[in-house]
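A short write-up of the structure that comes next.
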Amino acid sequence: MKTTLSERLLSLIFPHKCFLCRSESVPADVWLCDRCLSELPLTSGALCRRCGKAPEDCVCKEDSPGFDGAAVPLFYTDAVARGIGSFKYQGKRYYAPFLAELMAQSVRETYGDMQFSAITYVPLHPAKLRRRGYCQTRLLADELSALLGIPVESGFLRHTGKGGAQMEQKGPEARKENARLSFAIRKDTKLQGRIFLLVDDVLTTGATAGRCAGLMRQKGAQAVYLAAAATTCYRHRIQ
Ligand SMILES: [Zn+2]
Ligand SMILES: [Zn+2]
């Protein structure tokens, strides 16, 4: 579903739905109703700074996550999953500035004054892009770029259109193999010595971000740090 310019303008004027309960309407520049304000499941510095997982889910001892660090503001609870679902699948593009604001804060807290060369994002399956009319990770990257003053560079990572939906893969090995099939990098890409902030929406096993970071390293990137909106957590039962 494509959002037209007039729809976008209307969404700026008229109330939004609360990101968490989605039953309460809130003013256009607010994202949570009074009842949900204190319910936002912030990670608040509790994650492993390398893999972006809660301490009990950290996998760094067994396996390197494939990226150099992760900054993630939210746990992927049921309510957050529904909010991100409506952002991704139901045309609720107006959640992009809200999520990006939380991500920018998390990036500043996690990475301090790290000098990023550029922001890039995990590309969307081409058929999904045609169907939805927008790429949610690109929306987040554009908002983050404005908030952090770092340019967006894209077009070198591409979705091959192969592989199945990452969410439907069972277990870390299947997800790694699916990520390998799904993502590629353009041959003439030159990223020598550059430090990137890679944007994704949800961090699950890290297979997607790890694959994209690995491809960027092959083309000379010095480091690739992840910024995602939410991270799955065993405690919250969404895997
Ligand atoms: Zn609410
Ligand atoms: Zn870890």
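The values are calculated or read from the model by the stated rules, or taken from the named source; none is laboratory data. As the structure is a computational prediction, the values presented were derived from the model and not from experiment. Counting neighbours? That spans all protein chains shown, and the Cβs are built from the backbone with ideal geometry, glycine included. The protein model used for the area step is the full one, side chains on, heavy atoms only, and it has no ligands, DNA or RNA in it. Shrake-Rupley method; radii C 1.70, N 1.55, O 1.52, S 1.80 Å.
Listed values, structure above:
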quantity: Residues located in the stretch 45-63, provided they are within 12 Å of ligand 2 (Cβ to nearest atom), in contact (Cβ under 8 Å) with a residue 12 or more places away in the chain and open to solvent by less than 80 Å² (accessible area, probe 1.4 Å); calculated: Leu47, Cys48, Cys51, Gly52, Lys53, Ala54, Asp57, Val59, Cys60
quantity: Among residues of the stretch 26-44, those that are at pLDDT below 95 and open to solvent by 70 Å² or more (accessible area, probe 1.4 Å), counted; calculated: 8
quantity: Candidates Tyr111, Tyr121, Tyr89 - the one that is out of contact with any helix residue (DSSP H, G or I) (no Cβ under 6 Å at 6 or more places or on another chain) and within 14 Å of Phe196 (Cα to Cα); calculated: Tyr111
quantity: Any hit, the stretch 84-92, residues being under 14 Å from the mean Cα position of the chain (by Cα), within 16 Å of ligand 2 (Cβ to nearest atom) and small (Gly, Ala, Ser); calculated: no
quantity: Tyr89 closer than 17 Å to Leu140 by Cα, at pLDDT below 90 and aromatic (Phe, Trp, Tyr); calculated: no
quantity: Residue match in the stretch 221-229 (condition: open to solvent by less than 30 Å² (accessible area, probe 1.4 Å), touching a residue at least 60 places away in the same chain (Cβ under 8 Å) and over 15 Å from the mean Cα position of the chain (by Cα)); calculated: yes
quantity: Every pair of residues 6+ apart whose Cβ atoms lie under 9 Å, when the first sits in the stretch 15-43 and is under 16 Å from Thr77 (Cβ atoms) and within 16 Å of ligand 2 (Cβ to nearest atom) while the second is β-branched (Val, Ile, Thr) and open to solvent by less than 20 Å² (accessible area, probe 1.4 Å); calculated: Thr43/Val72; Thr43/Thr231
quantity: In the stretch 64-80, the residues that are open to solvent by less than 30 Å² (accessible area, probe 1.4 Å), over 16 Å from Val199 (Cα atoms) and either part of a helix (DSSP H, G or I) or near ligand 2 (Cβ under 10 Å from one of its atoms) (or both); calculated: Ala79, Val80
quantity: Residue check for Thr137: more than 18 Å from the chain's Cα centre (by Cα), among the hydroxyl-bearing types (Ser, Thr, Tyr) and modelled with pLDDT of 95 or more; calculated: no
